[in-house]
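S.K.: Have a look at this one.
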Amino acid sequence: MTILQAEELTKEYEERSILKKVTVAIRAKEAFALIGPTGSGKTTLIRMLDLLEMPTSGKVYFDNIDVTHNKQKQLHARRRMSYVQQKPVVFSMSVFDNIACGLKWRHENSKLIKHMVNDVLDLVEMGGFKTRNAKNLSGGEIQRVAIARALVTNPEILFLDEPTANLDPISTMKVEKVIHNVIRERKVAVIMATHDMVLGQQLAKRIGVLLDGRLMQVGSPSEIFSSPINQKVAEFVGVENMLSGKVIERNENVLTINVSNKRIQAMSSHLFANEVYVLIRPEDIIFSVSENVSSARNMLRGTISKLIEVGPLIRIEINCGFPLIGLLTRSSASELGLEIGKDIYASFKVTATHVIRRLILKNEEKHS
Ligand SMILES: Nc1ncnc2c1ncn2[C@@H]1O[C@H](COP(=O)(O)OP(=O)(O)OP(=O)(O)O)[C@@H](O)[C@H]1O
Ligand SMILES: [Mg+2]
């Protein structure tokens, strides 16, 4: 069920276009991350969805009702949403009173207020801070108080704008755990803006990638990371193997692509460009010491140039005329006797690849 919908939202400031026809539907109780680099328009979009600001054009629907031009409907919708801004501000009073103020404004009775505040304090793991002056808390603690304050009114949508920006690693972990608690225990849609891809990937079921005011792609974290829709998204999410090549043959859905004079077979059903990038997930590359028989259609020989330990895994980089990155478990790495300078074979299936169009820069076009 859709709780909030944006239809072709645009926002201009002084004739500068900040949001460009953003269309997105948020489902009730889902965890949605809006990721994008700084200045891409995340805060602007969140303010628009939270009805704090009006779009230049386009519409916002809350609970399937168009609220774009109706102040009364906006007020009603806003009572069912909460927003934790990028740098939350707390009042110089106790943590308890900071959280209770929304309920006091709604004239709830004091017994209910006490119950509800204690409940959210537990959720954000700040039960021991009730009587502390909120002004004296650390950045991470303020963030957790702000989340509690936003949740105490039982909203249907919670907006979090960069909830872990500028926090140290320990505070970041605590805030992430709190967001996780909220997603698991509360019946609330959480929409968080972040430029931290790891946060988006770990906490959200769906990710929207906002680049330069355009919502480029919406999908599950694995879709976004393994099948970015275009070069800009692939670059932003930091796809590791992004090989520049040229299509030399098409056979139904299988393309043969020349990458630095090596032939790679890849799959694509609806791509007509010839200048492409081939994306290969590092975890889908199989390494072997001999050119053994493999059902995988791609087999490349390369020299090991880097071996880096990453937690329980080994990240391997081989040079096959271009760098290719893979991931191995420690045990398979030791079985293969990996060493820098040694030659090795890398194989991967056609289905482990993803092909996107390569944008050609103007001066590159002249030379090719
Ligand atoms: N009130 C305003 N007037 C003019 N320009 C604005 C206004 N608010 C935002 N902008 C511009 O809109 C663009 C997007 O800003 P926004 O704050 O939405 O980005 P963001 O993705 O949230 O960035 P960050 O990751 O740094 O928080 C920026 O270029 C910003 O300067
Ligand atoms: Mg912002």
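The values are calculated or read from the model by the stated rules, or taken from the named source; none is laboratory data. Note that the coordinates shown come from a computational prediction; the quantities given were computed from them, not determined experimentally. Reconstructed Cβ throughout: ideal geometry from the backbone, glycine too, with neighbour counts over all protein chains shown. Each accessible area value is taken on the protein alone, full model and side chains, heavy atoms only, with ligands, DNA and RNA left out. Shrake-Rupley method; radii C 1.70, N 1.55, O 1.52, S 1.80 Å.
S.K.: So, with a 1.4 angstrom probe, what is the percent of accessible area on the chain that is carbon and sulfur? Could you put the intermediate results ahead of the total?
M.R.: Working: 9420 of 18920 Å².
C and S atoms contribute 50 percent here.
S.K.: Taking chymotrypsin sites (Phe, Trp or Tyr not before Pro) that fall in a DSSP loop and have at most 14 other Cβ atoms within 10 Å as cut points, what is the longest piece of the chain between them? Mind dumping the intermediate values first?
M.R.: Values: sites that count: F91, F272.
With chymotrypsin sites (Phe, Trp or Tyr not before Pro) excluded where exposed in loops, the chain gives 92-271 as its longest stretch.
S.K.: Given springs between every Cα pair under 10 Å in a Gaussian network model of the chain, which of N133, N154, N261 has the largest fluctuation?
M.R.: Highest fluctuation of the listed residues: N261.
S.K.: Continuing with the same structure: Set the Förster distance to 25 Å, then compute FRET efficiency between E309 and S260 from the Cβ-Cβ distance, nearest 0.05.
M.R.: Details: r = 28 Å, r/R0 = 1.13.
Calculated transfer efficiency: 0.35.
S.K.: Once you place label points 7 Å from the Cα toward the Cβ at S331 and S244, how far apart are they in nm?
M.R.: Spacing of the two 7 Å Cα→Cβ label points: 4.1 nm.
S.K.: Give me the extension gain from D97 to M173: residue separation times 0.36 nm, minus the current Cα-Cα distance, reported in nm with one decimal.
M.R.: 24.8 nm
S.K.: Roughly how many Å² is the accessible area per residue of the chain, as a whole number, for a 1.4 Å probe?
M.R.: Details: 18920 Å² over 368 residues.
For the chain, the solvent-accessible area averages 51 Å² per residue.
S.K.: Output the pairs from K73/K232; K71/K130; K20/K87 with a Cα-Cα distance over 31 Å in this structure; if there are none, say none.
M.R.: K73/K232; K71/K130
S.K.: Which aspartates and glutamates have a Cα lying under 15 Å from the Cα of K174, excluding residues fewer than 8 positions away in the same chain?
M.R.: Within reach: D122, E125, E141, E162.
S.K.: How would T172, T43 line up by accessible area, probe 1.4 Å, largest first? Walk me through the intermediate numbers first.
M.R.: Values: T172 20, T43 45 Å².
So, going from the largest accessible area down, we get T43, T172.
S.K.: If the chain between E8 and R80 were fully stretched, how many nm would it gain, using 0.36 nm times the residue separation less the Cα-Cα distance?
M.R.: Details: separation 72, 0.36 × 72 = 25.92 nm, distance 2.29 nm.
Between E8 and R80, full extension yields 23.6 nm more.
S.K.: I need the phi-derived Karplus couplings for the stretch 189-194: 6.51 cos²θ - 1.76 cosθ + 1.60, θ = phi - 60°, integer Hz, Gly and Pro marked x.
M.R.: 7, 10, 10, 10, 9, 7
S.K.: K342: which lysines have alpha carbons under 26 Å from its alpha carbon, excluding same-chain residues fewer than 8 sequence positions away?
M.R.: Partners within reach: K262, K306.
S.K.: Tell me, in nm to one decimal, what length is gained between E275 and R357 on full extension, where the rule is 0.36 nm per residue of separation less the Cα-Cα distance?
M.R.: Values: separation 82, 0.36 × 82 = 29.52 nm, distance 0.62 nm.
So the extension gain works out to 28.9 nm.
S.K.: Select from E176, E249, E125 the residue whose mean-square fluctuation is largest in a Gaussian network model of the chain (Cα-Cα springs shorter than 10 Å).
M.R.: Evaluated over the chain, the most mobile residue of the options is E249.
S.K.: Evaluate 2.2 N^0.38 Å with N set to the residue count of the chain, then give the Cα radius of gyration divided by it.
M.R.: On the way: Rg = 24.9 Å, N = 368, 2.2 N^0.38 = 20.8 Å.
So the Cα radius of gyration is 1.20 times the expected 2.2 N^0.38 Å.
S.K.: To the nearest 500 deg cm²/dmol, what mean residue ellipticity at 222 nm is calculated for the chain from DSSP H runs of n ≥ 4 alone, each contributing -39,500 (n - 2.57), summed and divided by the residues? Present the calculation step by step, with values, prior to reporting the outcome.
M.R.: On the way: 11 runs with 104 residues, N = 368.
Rounded to the nearest 500, the figure is -8000 deg cm²/dmol.
S.K.: From Cα pairs below 8 angstrom and at least 6 apart in sequence, can you work out the relative contact order of the chain, rounded to a whole percent? Numbers along the way, then the final one.
M.R.: Numbers: 737 pairs, mean separation 56.1, N = 368.
Once divided by the residue count of the chain, the mean separation gives 15 percent.
S.K.: Next question. Taking springs between alpha-carbon atoms closer than 10 angstrom, which of K111, K71, K130 fluctuates most in the Gaussian network model of the chain?
M.R.: K111
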